[in-house]
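Inspection log for the structure reproduced underneath, given as structure tokens.
The values are calculated or read from the model by the stated rules, or taken from the named source; none is laboratory data. The structure presented is a predicted model; accordingly, all values stated were derived computationally and were not measured. Using ideal geometry, Cβ is built from the backbone for each residue, glycine included, and neighbour counts are taken over all protein chains shown.
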Amino acid sequence: MIMTKRISSGTAHQLPDDLKKALMADKAALAKWEDITPLARNEWICWTVSVKLDETRREHVGRVVSELKEGMRRPCCWSGCIHRKDKSLNALQKWLLGRRRK
């Protein structure tokens, strides 16, 4: 029987396989991941999956691991997850979404 370790997800996002694999490969980063709140995990996941290019996504996955180990609890300069249903969008998020639609 194969056992897989359960790793916590976010509030609006499930943990994607590439990020799960990276966290499982680094015990220190995984410990930090499990120490942050579900909302903070959600921010990291959304920040990772919201990019368009595969190369950028790989960079984000690597940065999640390294920045967690540096003590960061949320992505820096991230306007926040637009997928959360428990809070309204802020002005910056509305502006960014408006630019995407054009």
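Taken as a whole, the structure leaves Ala91 outside the set of residues that are modelled with pLDDT of 95 or more and either loosely packed, with under 13 Cβ neighbours inside 10 Å or within 13 Å of Gly10 (Cβ to Cβ) (or both). Selection within the stretch 1-45: residues that are closer than 15 Å to Arg74 by Cα and of a type in the set (Val, Ile, Thr). The member of this set that is nearest to the chain's Cα centre (by Cα) is Ile45.
Could you list, in sequence order, the residues of the stretch 25-37 that are among the aliphatic types (A, V, I, L, M) and either within 15 Å of Thr48 (Cβ to Cβ) or at pLDDT below 95 (or both)?
Result: Ala29, Ile36.
Scanning the stretch 42-64 for residues that are among the charged types (D, E, K, R) and at pLDDT 95 or above gives Asp54, Glu55, Arg57, Arg58, Glu59, Arg63.
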